[in-house]
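Below is one structure, written out as structure tokens; the observations come after it.
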């Protein structure tokens, strides 16, 4: 499942990024392959459990996930979060950059299930597509800014831009506590994919036809605590709140404008 903010808004996933130990540093490595330096070369596999909804308006439930990463000192990475990519700028005056190819966000009709009405019934599934990603990061002490541009390929051509800021409240050899906040911008195609209702979908689902404009899909804030249990085992506990932007919130598919989730993962580093 895609992990950029728009996917969090559309699917309300409560799973956060992979925790891992820095190989040579005194603190825990950054969560995402696209944000690492080449010196943080390591492999991680793990499982996660989260409580929340997959979609705004769906039922709240427990969801499981499996994750994995392989990060190499030559800049190549393979990640269930960021796809298959390459870090081509490595910590130059605080800046780093990477590019990758992975899967876009998706949505199933069953995600809209709740106690009253499933608004996604008759809407059809949103299938994943190949997606190109470009990442630009800036790190200055405890402050971090991460920007990601996602371009869906093939027949959909949706574009989104995620901007996230992080602040290290606590950073030690065994613990990293971070506050985060960000927003996601989506073009008209991307907004229409997850929040729009075509005339055909209106006829089959009973939802009013709706064509959202490009704009801020949503905003989010979160907190996470990563803990190195041993040299190999690392856990994380996290919580987040996301809020839809106006165009997304006005969609007949959106029952709740604000949603929250909690999650925990454990990973093995080798």
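In table form, for the structure just shown:
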{"item": "Any pair with Cβ under 6 angstrom, 6 or more apart, that starts in region 239-252 at a residue that is farther than 14 Å from residue 55 by Cα and ends at one that is surrounded by fewer than 22 Cβ atoms within 10 Å (Cβ to Cβ)", "result": "239/223; 239/262; 240/220; 245/215; 245/216; 247/213; 247/215"}
{"item": "Subset tally (residues that are buried (at least 18 other Cβ atoms within 10 Å of the Cβ) and modelled with pLDDT of 95 or more) for region 63-78", "result": "1"}
{"item": "Hits in region 158-167 - residues which are in a strand (DSSP E or B) and free of Cβ contacts under 8 Å to residues at least 60 places away in the same chain", "result": "159, 161, 163, 165, 166, 167"}
{"item": "Among the residues listed as 243, 256, 226, the single one being at pLDDT below 95 and touching a strand residue (DSSP E or B) at 6+ places or on another chain (Cβ under 6 Å)", "result": "226"}
{"item": "Residues of region 94-122 classified as closer than 15 Å to residue 56 by Cα and either touching a residue at least 12 places away in the same chain (Cβ under 8 Å) or surrounded by 17 or more Cβ atoms within 10 Å (Cβ to Cβ) (or both), total", "result": "14"}
{"item": "Subset of region 63-73 (residues that are touching a residue at least 40 places away in the same chain (Cβ under 8 Å) and in contact with a helix residue (DSSP H, G or I) (Cβ under 6 Å, 6 or more places away or on another chain))", "result": "69"}
{"item": "Near pairs, Cβ below 8 angstrom, 6+ apart or cross-chain, from region 124-138 (at negative phi and outside any strand (DSSP E or B)) to any residue that is at pLDDT below 95 and exposed (fewer than 14 other Cβ atoms within 10 Å of the Cβ)", "result": "129/153; 129/154; 129/155"}
{"item": "Complete set of residues in region 180-216 that are over 17 Å from residue 161 (Cβ atoms), in contact with a strand residue (DSSP E or B) (Cβ under 6 Å, 6 or more places away or on another chain) and free of Cβ contacts under 8 Å to residues at least 40 places away in the same chain", "result": "209"}
{"item": "Every residue from region 51-62 that is surrounded by 16 or more Cβ atoms within 10 Å (Cβ to Cβ) and either out of contact with any helix residue (DSSP H, G or I) (no Cβ under 7 Å at 6 or more places or on another chain) or at negative phi (or both)", "result": "52, 53, 54, 55, 56, 58"}
{"item": "Qualifying residues in region 142-157 (those that are under 17 Å from residue 100 (Cβ atoms) and assigned to a loop (DSSP other than H, G, I, E, B)) - the one modelled with the lowest pLDDT", "result": "154"}
{"item": "The listed residue being out of contact with any strand residue (DSSP E or B) (no Cβ under 6 Å at 6 or more places or on another chain) and modelled with pLDDT under 95, out of 91, 38", "result": "91"}
{"item": "Considering residues of region 234-254 that are over 18 Å from the mean Cα position of the chain (by Cα) and part of a loop (DSSP other than H, G, I, E, B) only, the residue surrounded by the fewest Cβ atoms within 10 Å (Cβ to Cβ)", "result": "250"}
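The values are calculated or read from the model by the stated rules, or taken from the named source; none is laboratory data. Just so you know, these numbers come straight off a predicted model, no measurement behind them. Here Cβ is always computed from backbone atoms with ideal geometry, including for glycine, and neighbour counts include all displayed protein chains.
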